[in-house]
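Taking it in order: structure first as structure tokens, then the write-up.
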Amino acid sequence: MVKGNVKINKKKARRVEDGKIVKDLPLINYNGDLLPLFKVITPSHCKECGSKLHIKKSRKRYVLSSYETLEIPVNYWQCSNGDCDSYYTDDIVGVTGSNNYNDEYLDKLFYTRYNSKTSLFNTRTAGEILTGDLGKKTRTACPSTLWKYDQAKGAISLEKLRNTNVQFDGTIYCDGYWVKNGWRKFLEKSRGREFDESEWKRVRYKSIYVVATSDKVVLDFAITERRPPYFVLIPLFSRIKKRLGKNSIKKVVSDEDSAIINAVSNVLPDIQNSFCVFHQLKNLSRIYLDDFRYMDKVPEKDRTFYGIGKKLIMSESVVESTAILKKLEKMLEKGLTHTSKRAMNFLKDKYNKNRKLLEKGFSPETNNVMEQLFSFINDFVFQAKSFKILSGLKNWASNLFYIWNNREFNTGNFAGLSPLQISKQLKPG
């Protein structure tokens, strides 16, 4: 429907009956039937003995929803058979049990929380968005209610995450992200004694190892100790191999993490390995930006040195990287700035580390898949500070990665598209 040149948003349309604004409620599935949301379902007979029920009490339930806080009359019932004495309540379609929040509202809060990257204890503003179109603001679900909903959703999200059909270009990326897990007093009480400081630091941190495609679609993840042995990651790569097919995976890109490298060598011994140099290039640039602020203010000779330094990091063979290193050493003798001398120390360190990988047949890779993904994770972790239990961390990660795959990018060449939508544009194989 168009009025003049302006298209009318039908989602905001309302009917008026007897001077009151009426908003139509959606139909939802209830025991196989499509019924209006918030319809009251009254029991007729006792499930135990089959006798009729009579009203014990009449009350009003107040249910929070994105349609306002609703006042819904309900009845509480008792079996008419004196020997049975069973009790029943009216069911409200779309409301689980005795919740004060309907499922539709909790689901919207769930997605709003993850899309706005808020912590459980900072969801009030995000929750008020849901009722803004009515001009009335309803409070959001309390942290403990939303946490329980997170846990229920976690298992569902993990199942969908691991079973989504994904097109990819043959390259997968893997990296680990450190997260604080556990509250000290809670864990000390569980184990029966206190931690010393060094022990607590080792115990508290966990690593989330994530596997994604070049289109930033998360395929799977595993939560491990801070520095796990390689065999802990073998189940993760075995699931990926079974899901995508051994012949479909052409290359695995990781950093210098020996756990990832050795696990891949065991599960996918015949594929090409690459190591990510995105952070190396970024840190080399940072050395100059810290001193000169802008690259165009760097002296010409030092800019040339910087450009050749990038080629060293991107070298695809030991012979090439060694030749470039010698060239840089000769340039340094011609009186460059102290910044370039610091850059040389950095480049020598990366030369030694990269050489070991090049000798194993690895190749450099610059795609910043994990950089963007971990930046998204970091917004949550900064607010959450710590996760109390490991299952809570697992469910949070499952929800986060499932929503990430379906979340549209706001900027860049793929603005308006989600990682899954981008991957569908790829041709199979």
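The values are calculated or read from the model by the stated rules, or taken from the named source; none is laboratory data. Remember, it's a predicted structure, so these values are computed and weren't measured experimentally. Because the Cβ atoms are built from the backbone with ideal geometry, glycine has one as well, and the counts that use them run over all protein chains shown.
I need a count of the residues in segment 245-267 that are part of a helix (DSSP H, G or I) and either within 23 Å of the chain's Cα centre (by Cα) or not assigned by TED's automatic domain parsing to the domain that holds Tyr177 (or both).
2
Cβ-Cβ under 6 Å, sequence separation 6+ or interchain: first residue in segment 87-106 and closer than 19 Å to Tyr76 by Cα and touching a residue at least 60 places away in the same chain (Cβ under 8 Å), partner charged (D, E, K, R) and in a loop (DSSP other than H, G, I, E, B). Which pairs?
Between residues of segment 87-106 that are closer than 19 Å to Tyr76 by Cα and touching a residue at least 60 places away in the same chain (Cβ under 8 Å) and residues that are charged (D, E, K, R) and in a loop (DSSP other than H, G, I, E, B), the close pairs are Val93/Lys39.
Scan segment 334-391 for residues that are of a type in the set (Ser, Thr, Tyr), in contact with a strand residue (DSSP E or B) (Cβ under 9 Å, 6 or more places away or on another chain) and within 30 Å of Lys251 (Cβ to Cβ) and jot them down.
Of everything in segment 334-391, those that are of a type in the set (Ser, Thr, Tyr), in contact with a strand residue (DSSP E or B) (Cβ under 9 Å, 6 or more places away or on another chain) and within 30 Å of Lys251 (Cβ to Cβ) turn out to be Ser363, Thr366.
Of the numbered conditions (1) of a type in the set (Ser, Thr, Tyr); (2) in contact with a Ser or Thr (Cβ under 9 Å, 6 or more places away or on another chain); (3) surrounded by fewer than 18 Cβ atoms within 10 Å (Cβ to Cβ), Ser254 fails exactly one; give the number of that condition.
Every condition holds for Ser254 apart from (3).
When you look at Phe387, is it touching a helix residue (DSSP H, G or I) at 6+ places or on another chain (Cβ under 8 Å), modelled with pLDDT under 85 and either acidic (Asp, Glu) or in the same structural domain as Ser190 (by TED's automatic domain parsing) (or both), yes or no?
yes
Restricting attention to segment 257-279, which residues are surrounded by fewer than 18 Cβ atoms within 10 Å (Cβ to Cβ) and within 16 Å of Arg239 (Cβ to Cβ)?
Result: Asn266, single match.
Please list, ordered by first then second residue, the pairs with beta carbon atoms under 6 Å, 6 or more apart or interchain, first in segment 395-423 and over 10 Å from Ser157 (Cβ atoms), second buried (at least 22 other Cβ atoms within 10 Å of the Cβ) and of a type in the set (S, T, N, Q).
If the second residue must be buried (at least 22 other Cβ atoms within 10 Å of the Cβ) and of a type in the set (S, T, N, Q), the pairs left are Pro419/Asn405; Leu420/Asn405.
Out of the residues in segment 182-208 that are among the aromatic types (Phe, Trp, Tyr) and closer than 22 Å to Val232 by Cα, which is farthest from the chain's Cα centre (by Cα)?
Across segment 182-208, the extreme among qualifying residues is Trp200.
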